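Student: Sharing a structure here in structure tokens format.
The values are calculated or read from the model by the stated rules, or taken from the named source; none is laboratory data. Note that the structure is a prediction, hence the values are computed from the model and not measured. Please note: Cβ atoms are built from the backbone with ideal geometry, for glycine as well, and neighbour counts cover all protein chains shown. In case anyone asks, the SASA skips ligands and DNA or RNA and just uses the protein heavy atoms, side chains included. Shrake-Rupley method; radii C 1.70, N 1.55, O 1.52, S 1.80 Å.
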Protein chains: 2
Amino acid sequence: MEVQGQNKFHKGRCFCADKGVDVVSPKNIEKLEIIPPSPSCGKQEIIVTLKSTERKCMNPESRFTQYLIKRALEKMAQQ
Amino acid sequence: MEVQGQNKFHKGRCFCADKGVDVVSPKNIEKLEIIPPSPSCGKQEIIVTLKSTERKCMNPESRFTQYLIKRALEKMAQQ
């Protein structure tokens, strides 16, 4: 699996080669993936798939990424 | 896309036909997907992929599902 728009040379077996983008347009998000740390990649990774089918690594430290996850959590409590 | 172990007859174009499971073993989780509401499915869906490659819909109202997302958020802040 390879994430478009990222460096092709992954560190270890991580999907995300770099920090990832800070922001994407929320209305273009088709899904958001959270990949927990594993023996093949020591960091948690957050990947969005856009409606254009493009995949982007999200910077886990960006306020926007954290807002996306918080909003998902709020929606879960409401459903 | 079809989620194994679930009813084959989806409501509209949702992936998850029913409420989904309340708990899975965290160490078996390969990734967690959050699919926001869309014109084809009015509810937010949470799908886990297990290391066995099996996919399961998670009950968004279960405390365990909410704990998984909260834990991911905490890890993001730490990284």
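Student: Counting just the residues of the stretch B:33-45 that are in contact (Cβ under 8 Å) with a residue 24 or more places away in the chain and at the interface with chain A (Cβ under 7 Å from one of its Cβ atoms), which one comes out farthest from A:Ala77 (Cα to Cα)?
Tutor: The qualifying residue farthest from A:Ala77 (Cα to Cα) is B:Ile34.
Student: Output the residues belonging to the stretch A:21-79 that are touching a Ser or Thr at 6+ places or on another chain (Cβ under 6 Å) and open to solvent by 60 Å² or more (accessible area, probe 1.4 Å).
Tutor: Once the filter is applied, which keeps residues that are touching a Ser or Thr at 6+ places or on another chain (Cβ under 6 Å) and open to solvent by 60 Å² or more (accessible area, probe 1.4 Å), the stretch A:21-79 yields A:Asp22, A:Glu30.
Student: Ok, one more. Quick check on the stretch B:46-74: of everything there that is in a loop (DSSP other than H, G, I, E, B) and touching a residue at least 24 places away in the same chain (Cβ under 8 Å), which residue is nearest to A:Tyr67 (Cα to Cα)?
Tutor: Among those residues, the one meeting the criterion is B:Pro60.
Student: From the list B:Glu2, B:Glu54, B:Glu30, which one is over 19 Å from A:Ile47 (Cβ atoms), of a type in the set (Asp, Glu), at pLDDT 95 or above and more than 10 Å from the chain's Cα centre (by Cα)?
Tutor: B:Glu54
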